[in-house]
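Report on the following structure.
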Amino acid sequence: MKVKRDARERHNANLREKAIANLGTAPAAGIKTRTPEEILHELQVHQIELELQNEELLLSNAALEASRNLYHDLYEFAPVGYVTLTQDGRISEVSLNGAAILGDEREHLLNSRFASFVTPKDSESWHMHFLHVIQSGGKHGIELTLQRHDGSQFQARLSSLCLESEQQTTGIRIAISDITDITELKQEVAEAKIAATIFESQQGMVVTDANHVILKVNKAFSDIFGYSEQDAVGKPLHLLRSNYHDAAFHDAMWEHVRRHGFWQGEIWNQRKNGEVLPAFMTITAVNANDESVTHYVGTMIDITQRKNAEKEIRNLAFYDHLTGLPNRRLLQDRLQMALAASDRNQHEGALLLIDLDNFKILNDTLGHDIGDQLLVKVAESLHACVREGDTVARLGGDEFVVVLEDLIGNSEECATQVTHIGEKIIRSLNNIHLTDEYEFHTAASIGIALFSGHEKSAEELMKRADLAMYQAKAAGRNTLRFFDPDMQTVVTTRANMESDLRAAMSKKEYLLYFQPQVNESARLIGFEALVRWQSPTRGIVLPEEFIPAIEQTGLIIQLGLWVLEHACDQLATFGSNPNTELLTVAVNVSARQFRQLHFVDQVIGVLDSTGANPSRLKLELTESLLLDDIEDAIIKMNALKNRGVRFVLDDFGIGYASLSYLKRLPFDQLKIDQSFIHNLLFDCTDAAITKMIIGLAQNMNIEIIAEGVETKVQHDFLIRNGCRIYQGYLFSAPLPKKALEELLNQSNSTANNVSLERRWRTDPINVDRRRSGIENSVSN
């Protein structure tokens, strides 16, 4: 208070000095008594002083009024709302903007508790804030969610100031700011930061438009796939497609996105460098308010390591760690699948149990490391002996198993195939050498159990193969045995035959027979060369009995060349005699022989060396031979056609050649298979097929010949339907060379005047007797 009094006294002194200055005179110094003039002067000074005070007061009141009006405007219409609270938290004052912010009339707000405008979730925070301002004084701030009278809520910032009067707290004044928009902006910024953080996560991310064109990729995407953002943006998403999945997979994936708004799963994508990698991908559609798709967001995780781990786990569970072969557990699954497949396609299969002979001796003398090396080499050798789809497994120790599937043919033929594979395995194992330092000859005993369908369980097959393997050991080791004794006998017989067949060539046991071919007048026009095997123990063996074995052993190429050479020798003999120079000779060509790279040169070489007329040579090919490589067949046939060689399509009607192939291939003659001829009088289907073949050949301007003609009724049927050339027992059985010469010597005229008609039409012997005995009779 003393400070204010001193200031007032200084202010009055200043006014007096101004009054004296305005009066223009000053009182005489040191005058003790005052004259009337002096008194009047003093009064004038006081008068001027009062006028100055009044003028200053007027100016002060005007300034105060202006200040008050400004304060009122600022208080009432400021961007923030002001609220004054009493010590118990009731509203004592509120600005117009404060009332607007709180959403009620000022009159309704006065004397109400401010706490009623605070949402329940922030109620405790408000009370703590209020007490803190009252107790500590000063200015404090807080953000709360407030609730208006109508229930709407908004985010507010409160700046609270403690009010004091004569050092006593009278209440607090609060400035309220609605920061809802700022809060939403902050939230959007925060969400954008989160989105940016997520987008730059370790997952590859890509954003496309509705047409799958890439708009944005993150760094992880570039790291995974090798495409920079510049490489990828503007490109279609199928930039990542690999050939691992077909179009149907991708169509189904996008159809799922269309129906459900997302897709997720494992997919094999392609990196920029062409490498294919597995990824777990999620595709999510982004929709506008009208539910139309505006964007797609894809996330990708490289799961190569996971796949490798899964593969490693699978290898540990299902594969032998030493050899990498399937173990016993996986073998059981493979064997069950093989049994199911055999049951489904009616093909036979075989289980081979392989036990190394004397393996324990190797381990004991040279150590387990050397033994392990041998087991690895055995595994490699077994793989090299079987087909790609077959299974090679290791049971443990020195025991291995091979499962052969899809064996074609009857049981005997399948057993022969398995025998060849088993013998190949034995030979391969016999040739294994570890190192120059260690000399150890590997041998194995093999037990074989054939299977067809689910007639036997996997366990039963293993037991059978195991028993057969011990029989192989008992038989002297390094050999194989079948579980079925009868099958073993068949296999042994076949093996002996193959051994004899190998020796037959050097022993000159093969013979060439010639079966006549005649025209509609039964006049001789040529022969088909047919091979026979004259075995010292079996007698004359027909081709159907030994040709399959010849083909399996690979001797068919050597034998085929022998037949071609001897047939061309006979053809050259015909050509040297004017009476027989028009006769033809047909030679069957096997598939393996025809597929030789130098087959054409081989035939031309034989023709040149023998002097045979190429135009009188006919090469008979089967339909199945042509299907493997039609283009190669066309090239070879045309090359020989240019030299005059003629071609016959043998056994037509029982194969699979399409008419388009027949049109392209340069055949001169079609031969109707004897199975149709044999049954055409008893089977209307065979008769219809025969008519169709004859009609087809006539329309294509190709000669037609029927083989297997054995009765006059068959002959008459063929004549009626337009077939003009025949071959069969009705006219003659295949003849050895001596009988052939006798036939041609029957007439002094040309060979085409030789008639075979009377010989068989007057013969009362029935066909079956004729077929069984004729060859032996003509050869004696």
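The values are calculated or read from the model by the stated rules, or taken from the named source; none is laboratory data. Remember, predicted model here, so these are calculated numbers, not experimental data. Glycine also receives a Cβ, built like all others from the backbone with ideal geometry; neighbour counts cover every protein chain displayed. The accessibility values were calculated without ligands, DNA or RNA, using every heavy atom of the protein model including side chains. Shrake-Rupley method; radii C 1.70, N 1.55, O 1.52, S 1.80 Å.
The table below lists the values:
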quantity: Cut-off 15 Å between beta-carbons: net charge of the residues surrounding residue 263, Lys and Arg +1, Asp and Glu -1; calculated: 0
quantity: Rough spin-label spacing in nm, given labels placed 7 Å along Cα→Cβ, for residue 360 and residue 712; calculated: 7.8 nm
quantity: Extension reserve of the residue 215-residue 411 stretch, reckoned as 0.36 nm per residue once the Cα distance is removed; calculated: 64.0 nm
quantity: Rel. contact order, % - alpha carbon contacts under 8 angstrom, at least six apart, the range 264-361; calculated: 14 percent
quantity: Inter-site label distance for residue 698 and residue 369 at 7 Å from Cα along Cβ, in nm; calculated: 8.3 nm
quantity: Set 424/507; 663/737; 424/618 screened for pairs whose C-alpha atoms are more than 28 Å apart; calculated: 663/737; 424/618
quantity: Carbon and sulfur %, accessible surface of the range 487-644 computed with the full protein complex present, 1.4 Å; calculated: 50 percent
quantity: Exposure rank, largest accessible area first [329, 306; 1.4 Å]; calculated: 329, 306
quantity: Net length gained if the chain between residue 110 and residue 537 were fully extended (0.36 nm per residue, minus Cα distance); calculated: 140.4 nm
quantity: Evaluated at q = 0.11, 0.22 Å⁻¹: base-10 log I(q)/I(0), Debye formula over Cα of the range 313-442; calculated: -0.42, -1.32
quantity: Estimated FRET transfer efficiency (residue 312, residue 475; beta-carbon r; R0 45 Å; 0.05); calculated: 0.60
quantity: Accessible heavy-atom area order of 173, 720, 157, highest first, probe of 1.4 Å; calculated: 720, 157, 173
quantity: Neighbour net charge for residue 228 - beta-carbon separation under 14 angstrom, K R +1, D E -1; calculated: +2
quantity: Accessible-area value, residue 112, 1.4 Å probe, nucleic acids and ligands omitted, Å²; calculated: 30 Å²
quantity: Per-residue SASA entry for residue 207, accessible area with 1.4 Å probe, Å² rounded to 10; calculated: 30 Å²
quantity: Local net charge near residue 359, Cβ-Cβ under 12 Å (Lys/Arg +1, Asp/Glu -1); calculated: -4
quantity: Percent of alpha-carbon pairs separated by more than 17 Å within the range 521-644; calculated: 61 percent
quantity: Percentage relative contact order, the range 445-573, counting C-alpha pairs under 8 Å, at least six apart; calculated: 16 percent
quantity: Contour excess over end-to-end distance, with Cα ends at residue 292 and residue 35 and 0.36 nm allotted per residue; calculated: 81.8 nm
quantity: Whether the range 252-361 is rounded, prolate or oblate, judged on the alpha carbon gyration tensor where a/c under 1.5 counts as rounded; calculated: prolate
quantity: With DNA, RNA and ligands ignored, accessible area of residue 562 (1.4 Å probe; Å², nearest 10); calculated: 40 Å²
quantity: Probe 1.4 Å, all protein chains present, accessible-area order of 637, 700, largest first; calculated: 700, 637
quantity: Förster radius 22 Å - calculated FRET efficiency between residue 630 and residue 345 (Cβ-Cβ, nearest 0.05); calculated: 0.25
quantity: FRET efficiency for residue 143 and residue 88, using Cβ-Cβ distance with R0 set to 41 Å, rounded to 0.05; calculated: 0.95
quantity: Simple label model, 7 Å out from Cα along Cβ direction - residue 247 to residue 679, nm; calculated: 4.4 nm
quantity: The range 373-529 - percent relative contact order, Cα under 8 Å, separation 6 or more; calculated: 15 percent
quantity: Å² of accessible area per residue within the range 225-368, as computed with a 1.4 Å probe and no ligands counted; calculated: 58 Å²
quantity: Packing-based ranking, highest mean first, of 399-411, 466-478 given that Cβ atoms within 10 Å are counted; calculated: 399-411, 466-478
quantity: Surface accessible to a 1.4 Å probe, per residue, for the residues of the range 549-631, Å²; calculated: 41 Å²
